[in-house]
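The values are calculated or read from the model by the stated rules, or taken from the named source; none is laboratory data. Here the structure is a predicted model, which is why all the values come from computation and not from measurement. Positions of Cβ are generated from backbone atoms using ideal geometry, with glycine treated the same way; all protein chains shown enter the neighbour counts.
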Amino acid sequence: MTLAGTVPRRKTRWLVVIFAALAAALTLSASPALAETAPEGAPTAVVDPSSAPQSLQVWIRLDSDKTGVPNVGVEVSGKGFDEKFVTGPDGKVLIGIAKAGSYTVTIDEKTLPAGAGFPNQNPRKVDVFSQNTEVPANFLVSPSNPAIGASASPTPGGGSGQTSTEFWNVFWSKVVTGLIFGLLLALAAIGLSLIYGTTGLNNFAHGELVTFGALMAYTFSGVLHWPAWIAIIIAIVLGGAFGWVQDAGIWKPLRKRGLGLIPLMIVTIGLSLALRYTFVFFWGADRLTLPNSTKPFLVLGAVSLKFTDVAGAVVSIILILLVAFVLLRTKIGKATRAVADNRSLAAASGINVERVIRTVWVGGAALAALSGVFVGYYQSLRWDTGASILLLIFAAVTLGGLGTAFGALIGSLVIGVFINVSTVWLPENLKYVAALIVMILILLFRPQGILGRRDRIG
C-alpha cells in the first residue's frame with residue numbers, strides 16, 4: 001500500500017519541478033517583451049539621446065555603394081511619441097526614446113535625392129526594449145530605374161560614378177571590416193575543424209553553438225542588465241558547458257555504439273533544427289540587439305570602427321594565438337594532434353582518446369559561443385544567426401583544409417575579406433554565393449584545401 005502510494009507522489013513532485021523550471025525560463029525569456037507593455041500616457045517629449053534610457057538610430061543608405069544619404073526627413077511615432085528628424089551627413093540620426101515599446105519609422109520620400117530611388121521598406125516597425133540604446137532602424141534606398149543604379153556604382157575611373165578616391169575609400173573599408181569578420185568567423189571555424197579532426201564528424205549543429213553564445217550574452221547583458229564583460233564570460237563558460245553536455249549526452253554514447261559518420265551527420269542536422277526552434281520558443285523570432293554603442297571608436301582614414309569591432313578583432317587574435325600555443329606546446333595539444341592524425345595509433349600509445357575528444361568539444365563550443373557574441377555585436381542577433389553563417393564556416397574549414405586549425409584561420413580570413421569586398425561590385429545578397437565560387441575554384445586546383453593533406457579528402 002505504501003509503495004503504491006509513493007509512486008504518484010514522486011511523479012507529482014517531478015511534474016512540479018519541471019513546470020517550475022519551464023515557468024522560470026519563460027519568465028526570463030519574456031522579460032524583454034514585458035517592457036513593451038508600458039502604459040500609454042501623455043504625449044512623450046523629445047529626450048536627449050546621450051542621456052536617454054533607450055535610443056533609436058535610423059540609418060539611410062544607398063543600396064549601390066552603402067553610402068549614407070544626408071538631409072532626409074524621418075518621422076518616428078509610437079507610445080505617445082510623434083516627432084520629425086533629419087539625417088546627418090553620414091545618413092544617420094540618433095533619437096532618444098523615453099518609453100520602451102514598438103515604434104514606427106517613416107521616411108519622407110520627397111526629401112530623398114533626385115534619382116536615388118525608394119527605400120526597401122517604408123514605414124518600418126522597430127521594437128525598442130528597455131535600456132537598449134542605438135537600436136538600429138536601417139533603410140536601403142534602391143533606384144526605381146536599374147540604369148541609375150549602374151551609374152552610381154563605384155568605379156576606379158570616376159566618370160558618372162564615384163571618383164577614384166571614393167572608390168578606394170570604400171574598397172579599403174570593405175577590406176578592414178572583412179578582416180574583422182574573418183577573425184570572428186575563425187573562432188567558430190577553428191572549433192569545427194578541431195571537432196572534425198578528432199572525430200571525423202561534420203557537425204551541422206555547430207551554428208547553434210554560435211547562436212547559443214550570442215543569446216546567453218543577450219540574456220545577461222540585455223535582459224538582466226549585467227556588465228557586458230561579465231555577460232561575455234558567462235556566455236563562454238555556458239557555451240563550453242553546452243559542448244560538454246552534447247558530447248557526454250549524445251556523441252559519446254553514439255560513438256560507443258559504433259554509429260557511422262553518415263548517420264551521425266544526420267543526427268547533427270536534426271539537433272540543429274531542434275535547437276533552432278527551441279531558441280525561437282524562448283527568445284522569439286524578432287531581431288534582438290545587444291547593448292552596444294555605434295559611435296566611432298577608431299577612425300583610420302575612411303575606415304570607422306566601433307569599440308566592439310576593435311575589441312572583437314583583438315580578442316580573436318589573442319585567442320587564436322592561444323589556441324596555436326596550446327596545440328603546439330602543451331601536452332593536451334600534442335595529444336589532440338596525435339588523435340587527429342591517427343586515432344588508433346594514439347590510443348595504442350597510451351593517449352586517452354575520449355578525454356581528448358571531450359576537451360576539444362568543450363573548447364570548440366566555447367570558441368563558437370564567443371564568436372556568436374561578437375557576430376551579434378558586428379551585425380545583429382536572431383534565433384538563426386549561427387545557421388545563417390554556417391555555410392561560411394564550412395566554406396572556411398573546407399578552403400583552409402579539413403581538420404587543420406591553422407587552415408581554418410586562413411580560410412576564414414579569405415572568406416571574410418572576399419564576401420565584403422565583393423559587395424563593391426555585387427549586390428549584398430550575392431556575397432555568400434561569391435564566397436562559395438572562390439572556394440570551388442580553389443578546390444578544383446587543390447582539393448585538400450590550402451593547408452590540408454590529401455589523405456583527408458573524402
Some residue of the range 356-366 being closer than 14 Å to residue 197 by Cβ, within 18 Å of the chain's Cα centre (by Cα), crowded, with 18+ Cβ neighbours inside 10 Å and not polar (S, T, N, Q): yes
Of everything in the range 274-295, what is over 26 Å from residue 94 (Cα atoms) and within 15 Å of the chain's Cα centre (by Cα)? Give them in sequence order. 276, 279
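In the same structural domain as residue 380 (by TED's automatic domain parsing), assigned to a helix (DSSP H, G or I), within 20 Å of the chain's Cα centre (by Cα) and surrounded by 13 or more Cβ atoms within 10 Å (Cβ to Cβ): does that describe residue 333? Please lay out each step first, then the result.
Details: in the same structural domain as residue 380 (by TED's automatic domain parsing): yes; assigned to a helix (DSSP H, G or I): yes; within 20 Å of the chain's Cα centre (by Cα): no; surrounded by 13 or more Cβ atoms within 10 Å (Cβ to Cβ): yes.
It is false that residue 333 is in the same structural domain as residue 380 (by TED's automatic domain parsing), assigned to a helix (DSSP H, G or I), within 20 Å of the chain's Cα centre (by Cα) and surrounded by 13 or more Cβ atoms within 10 Å (Cβ to Cβ).
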Hey, residue 385 within 24 Å of residue 273 (Cα to Cα) and either among the aromatic types (Phe, Trp, Tyr) or at pLDDT 85 or above (or both) or not: yes
In the range 262-293, anything over 21 Å from residue 232 (Cβ atoms) and either outside the structural domain of residue 226 (by TED's automatic domain parsing) or touching a Gly at 6+ places or on another chain (Cβ under 8 Å) (or both) is listed as 272
If the Cβ limit is 8 Å and pairs must be 6+ apart or interchain, which residue in the range 410-423 that is assigned to a loop (DSSP other than H, G, I, E, B) pairs with which residue that is among the charged types (D, E, K, R)? 423/66; 423/174; 423/431
Check the range 340-362 and report whether any residue there is closer than 26 Å to residue 216 by Cβ, of a type outside the set (A, V, I, L, M, F, W, C), in contact with a strand residue (DSSP E or B) (Cβ under 7 Å, 6 or more places away or on another chain) and in the same structural domain as residue 203 (by TED's automatic domain parsing). no
Given 274, 313, which one is closer than 24 Å to residue 367 by Cβ and buried (at least 18 other Cβ atoms within 10 Å of the Cβ)? 313
Filter the range 57-76 down to the residues that are outside any loop (DSSP other than H, G, I, E, B), surrounded by 16 or more Cβ atoms within 10 Å (Cβ to Cβ) and in contact with an Asp or Glu (Cβ under 9 Å, 6 or more places away or on another chain) and list them by number. 57, 59, 73, 74, 76
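Every residue, every condition in (1) outside any loop (DSSP other than H, G, I, E, B); (2) under 22 Å from the mean Cα position of the chain (by Cα); (3) among the aliphatic types (A, V, I, L, M), yes or no:
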site: 167; (1), (2), (3): yes, no, no
site: 197; (1), (2), (3): yes, no, no
site: 209; (1), (2), (3): yes, yes, yes
site: 214; (1), (2), (3): yes, yes, yes
site: 226; (1), (2), (3): no, yes, no
site: 243; (1), (2), (3): yes, yes, no
site: 258; (1), (2), (3): no, no, no
site: 266; (1), (2), (3): yes, no, yes
Quick check on this structure: which one of 97, 18, 60 is modelled with pLDDT of 50 or more, over 30 Å from residue 171 (Cβ atoms), among the β-branched types (Val, Ile, Thr) and not assigned by TED's automatic domain parsing to the domain that holds residue 282? 97
So, in the range 101-116, exactly how many residues are surrounded by fewer than 21 Cβ atoms within 10 Å (Cβ to Cβ) and part of a loop (DSSP other than H, G, I, E, B)? 5
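Each row is one residue, and each column tells you yes or no for (1) loosely packed, with under 14 Cβ neighbours inside 10 Å; (2) at pLDDT below 85.
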{"position": "262", "(1), (2)": "yes, no"}
{"position": "284", "(1), (2)": "no, no"}
{"position": "300", "(1), (2)": "yes, yes"}
{"position": "308", "(1), (2)": "no, no"}
Would you check if there is a residue in the range 401-419 being more than 30 Å from residue 322 (Cβ to Cβ), in the same structural domain as residue 339 (by TED's automatic domain parsing) and in contact with a helix residue (DSSP H, G or I) (Cβ under 9 Å, 6 or more places away or on another chain)? no
Identify the residue in the range 314-337 that is among the β-branched types (Val, Ile, Thr) and touching a residue at least 60 places away in the same chain (Cβ under 8 Å) and, among all such residues, is farthest from residue 248 (Cα to Cα). 317
Per the filter on the range 338-352, residues surrounded by 11 or more Cβ atoms within 10 Å (Cβ to Cβ) and free of Cβ contacts under 8 Å to residues at least 24 places away in the same chain are 338, 341, 342, 345, 346, 347, 351, 352
Residue that is nearest to the chain's Cα centre (by Cα), among those in the range 77-100 that are surrounded by 17 or more Cβ atoms within 10 Å (Cβ to Cβ) and among the charged types (D, E, K, R): 92
